[in-house]
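A quick write-up on the structure given underneath.
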Amino acid sequence: MLEFEAELATGRTPDIATHLARHPRIAARLRSVFDGMLILRAAKLSTRKR
């Protein structure tokens, strides 16, 4: 999750499938976390544009 967050911090959009493949046992739970992180980033970016 820290690697995913680090990519977001640099402005990149992380590849969810790549990160999930690294942790197959908890992939189902991680997917919702990663999706949420992307939603929060999108919301943050949209408020900056206003």
Roughly what would the spin-label model give for residue 17 and residue 31, points 7 Å off Cα along C-beta, in nm? 1.3 nm
Angle, helix 27-48 long axis vs. longest principal axis of the chain, Cα atoms, 0 to 90°, nearest 10? 10 degrees
How far is it, in nm, from the label point at residue 6 to the one at residue 47 when both lie 7 Å from their Cα along the line to the Cβ? 2.7 nm
Which entry in (1) 4, 20, 31, 22, 12, 6, 3, 1, 0; (2) 4, 12, 23, 25, 18, 8, 7, 3, 1; (3) 4, 17, 23, 26, 16, 9, 4, 1 matches P(r) over Cα pairs in 5 Å bins from 0, in percent derived from the coordinates of this structure? (1)
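Bear in mind these aren't lab numbers, they're just calculated from the coordinates by the rules spelled out. Please read these numbers as outputs of a predicted model, since none were measured by experiment. In this analysis, Cβ positions are derived from the backbone assuming ideal geometry, glycine residues included, and neighbour counts consider all displayed protein chains.
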